[in-house]
Amino acid sequence: MKFIAKTFHGLETILAQEITNLGANNIQILKRAVSFEGDQRLMYAANYLLRTATRILKPIYSFTARSERQLYHKISSYNWSMHFDNDKTFAIHSVLNSPYFNHSQYVSFKTKDAIVDQFRKKTGRRPSVDTQNPDIVFNVHVYNDEFTISLDSTGDSLHKRGYRDVGHLAPLNEVLAAGMILLSGWDKEQTLLDPMCGTGTILFEAAMIGTQTPSGFYKKEKYTFTNWKDYDDDLFQEIKKNADQKIDTTSLNLVGGDIAPAAVNMVLNSIDALGFEHLIQVSRIPFKRNLPTTDNGILIANPPYGERLKIKNISTFYKEIGDTLKQNFSGWDAWILSSNLEALKNVGLRPSKKITLFNAALECKFQKFSMYQGSKKTKKESL
Ligand SMILES: C[S@@+](CC[C@H](N)C(=O)[O-])C[C@H]1O[C@@H](n2cnc3c(N)ncnc32)[C@H](O)[C@@H]1O
């Protein structure tokens, strides 16, 4: 069976690596997605374990259509009762890139009408649409006149890990944070420091990775594949049990800091609720005073960009970040994510890697600064 794991721009390679580790075949990197082949077991495992996928789709029906009439006809000629009965609710999500169809909502409506009409004709009853909490979700992908309809095996996006409640705040997306950690090459024996940790997403994702806790371990919502006709609960429970047995919470050296007391308190509360006290230490401290406790390690920071969070003088702030790295972090690898390219220049160090990532709609650079011993003195390192 073919599957498509969706992700964010820049995380495709790291997702392909994760999927390889699961034992999938014929893995191909696509735009913001990775396709692969495997069985039902692999699809369940992909949902429960992948850290850098947002959802897993299973393509079921492809056709071409250039008009509303053709679309209705093609949808009507497929047997939808293979996948669900009219006692289940359903929803349709469409993504378009086509000169023939302009509105994704319109395509969703037409598809829904054709499916509902088929059920009504056959059984006299129709399944209901539920956009909030549907049992079955179809994904309609349209490129030019090519339609691919997939069953969405996930439902609520996989970034909803369920390990904490951040209220109204807008933390980094968990999938993005996990991707940043995996891209950084952090090894769980190393110290990982997030000196501007906010709600602690990078720290919590590192704790999940470092302890081999499945990404779905704390998930509250059901995966939609559990509503499918072929759902095998014994198989899913076995996959969960095998994965959960590998969790090792012995020790990690994860360190967080933030200048805002509210952020630090929130992280402390989540640490407490999860019993992660021996894995993550967090304190209220401005970055320039945050001295490393080990000779080397990985620093990952998502500083304010000057967009959502205003800082009086963003250039001076980024210069201060660079000065602190030079003065206090020799021997460390520092990774900084920011959408503010002008401000990033003020760090005053030459990045050894630059990766384009998106933080929601904001195009960002994730830059690596290798702080060799004595780099504060070497002219070569300075821009
Ligand atoms: C973009 S937010 C980080 C969000 C975080 N990655 C999350 O997932 O919630 C930036 C954080 O930097 C903190 N901050 C700003 N200036 C700081 C400084 N000088 N030292 C330490 N933290 C600082 C802010 O309080 C804020 O929580």
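Rule-based calculations on the coordinates, nothing more; no lab input. From a predicted model like this one, the values you see are computed outputs, not experimental measurements. In this analysis, Cβ positions are derived from the backbone assuming ideal geometry, glycine residues included, and neighbour counts consider all displayed protein chains.
Residue count for region 306-338, restricted to those that are in contact (Cβ under 8 Å) with a residue 12 or more places away in the chain, within 10 Å of the ligand (Cβ to nearest atom) and surrounded by fewer than 21 Cβ atoms within 10 Å (Cβ to Cβ): 5. If you scan region 65-87, which residues turn out to be of a type in the set (Gly, Ala, Ser) and not in a helix (DSSP H, G or I)? Correct list: Ala65, Ser67, Ser77. The numbered conditions (1) assigned to a strand (DSSP E or B); (2) charged (D, E, K, R); (3) touching a helix residue (DSSP H, G or I) at 6+ places or on another chain (Cβ under 6 Å) are all true for Arg51 except (1). Number of residues in region 215-259 that are over 30 Å from Phe84 (Cα atoms) and either among the β-branched types (Val, Ile, Thr) or touching a residue at least 60 places away in the same chain (Cβ under 8 Å) (or both) equals 11. Filtered by the rule that a residue be basic (Lys, Arg) and either surrounded by 21 or more Cβ atoms within 10 Å (Cβ to Cβ) or more than 15 Å from the chain's Cα centre (by Cα) (or both), region 132-188 gives Arg161, Arg164, Lys188.
Of the residues making up region 1-26, those that are within 23 Å of Gln212 (Cα to Cα) and among the β-branched types (Val, Ile, Thr) are Thr7, Thr13, Ile14, Ile19, Thr20.
Quick check on my filter: what residues within region 275-298 are free of Cβ contacts under 8 Å to residues at least 60 places away in the same chain and among the polar types (S, T, N, Q)? The answer is Gln281, Ser283.
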